[in-house]
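Worksheet: one structure, shown below.
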Amino acid sequence: IEPKAVNGIEMEYADVFLNGSYNGIYGVGERVDNKQLKIKDFDGQFRGELYKGISWGASTYDQLPEYDNNSLTWGGFQFQYPDEITDWSYIYNFVEFVIKSDDADFKNQISNKLQIENAIDYFIFLNLLRAGDNGGKNVYVAKYDSDQPYFFVPWDLDGTFGTAWNGVKDTVTVGLLSNGIYKRMLKDYSLNGFREQINGRWSDLRSTIIQSAFLIDMLKSN
């Protein structure tokens, strides 16, 4: 819908010199915000939404504390956009649906509330990187417009590829990383259900990687 939207962190590396002295390599990046995501502006009613996962709580979709619209934080989320008004009821209702809806309602309605292709990609991304600190915190939740589903935007990937968030080596290499949403979605064993869609997407990605590696080897040999 928005060709110039960036669903992630846009960053370039640069050698930095200060007063003639070399200061090292720095990452120069744009923060994730409503402008990068091109989400719709507030026009007197809620349209685009943006929340930042800063700690554990409702952000893992297995807890539902009360919210206070006088606060910019709730249940591990930080309110990012819109700027004009703070209203937690929208994301609260989504978390409540994930936690409290029965299995039939969840299966039939989740695709209207969450962008499934994005959720699948983020699940694979989460587990491929072994991003243990990104299942609830360190992930943005956004909505393009009021009639659109939520989607995930990754950020802050310090705790990946065998390193924990605090720099300590993470020796755990087995088991799926998940949260309340994925635990419910993984119960779907139906034809073309969530599990089958994950398997299909993972197979496609693996095939693409293998084909790319084969092509690179052929070019090198020639």
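The values are calculated or read from the model by the stated rules, or taken from the named source; none is laboratory data. Keep in mind that this is a model prediction, so the values were computed, not measured. Reconstructed Cβ throughout: ideal geometry from the backbone, glycine too, with neighbour counts over all protein chains shown. These area figures cover heavy atoms from the full protein model, side chains too; ligands, DNA and RNA do not enter into them. Shrake-Rupley method; radii C 1.70, N 1.55, O 1.52, S 1.80 Å.
Here are a few things to note about the model shown:
- Span per principal axis, largest first, for the Cα atoms of the chain (Å): 56, 54, 38
- The distance separating the Cα centre of segment 46-78 from that of segment 128-176 comes to 16 Å.
- Coil-residue trypsin sites (Lys or Arg not before Pro) of segment 80-179, DSSP, other Cβ within 10 Å capped at 15: none
- Residues whose amide H comes within less than 5 Å of that of T163, counting only those at least five positions distant or on another chain, are D170 (H built at 1.01 Å from N in the peptide plane).
- For segment 119-191, the Cα gyration tensor yields ellipsoid semi-axes of 24, 17, 8 Å (square root of five times each eigenvalue, largest first, whole Å).
- Cross-link pairs K35/K113; K35/K169; K38/K113; K4/K52; K38/K100; K113/K187 - those with Cα-Cα distance over 28 Å: K35/K169; K38/K100
- Computed extension length for S101-V16: 25.4 nm, one decimal, from 0.36 nm per residue of separation with the Cα-Cα distance subtracted.
- Taking a span of 20 Å or more along the helix axis (Cα atoms) and a mean Kyte-Doolittle hydropathy of at least -0.5 as the rule, the DSSP H helices of the chain that qualify are 194-221.
- Full-extension gain in nm, I124 to D33, via 0.36 nm per residue minus C-alpha separation: 30.4 nm
- For E66, the accessible area of its heavy atoms, probed at 1.4 Å with every protein chain present, is near 150 square angstrom.
- Proximity of backbone amide H atoms, modeled 1.01 Å from N, is registered between Y140 and G53, V153, W155 at under 5 Å, excluding neighbours fewer than 5 places apart on the same chain.
- A simple rule links phi to the HN-Hα coupling: the Karplus curve 6.51 cos²θ - 1.76 cosθ + 1.60 with θ = phi - 60°, which for segment 3-8 gives x, 8, 5, 10, 8, x Hz, with x for Gly and Pro.
- Counting only Cβ charges, +1 for Lys and Arg and -1 for Asp and Glu, the dipole size of segment 111-183 around its Cα centre is about 240 debye.
- Counting only Cβ charges, +1 for Lys and Arg and -1 for Asp and Glu, the dipole size of the chain around its Cα centre is about 680 debye.
- Taking all Cα pairs closer than 8 Å and separated by 6 or more residues, the relative contact order of the chain comes to 18 percent.
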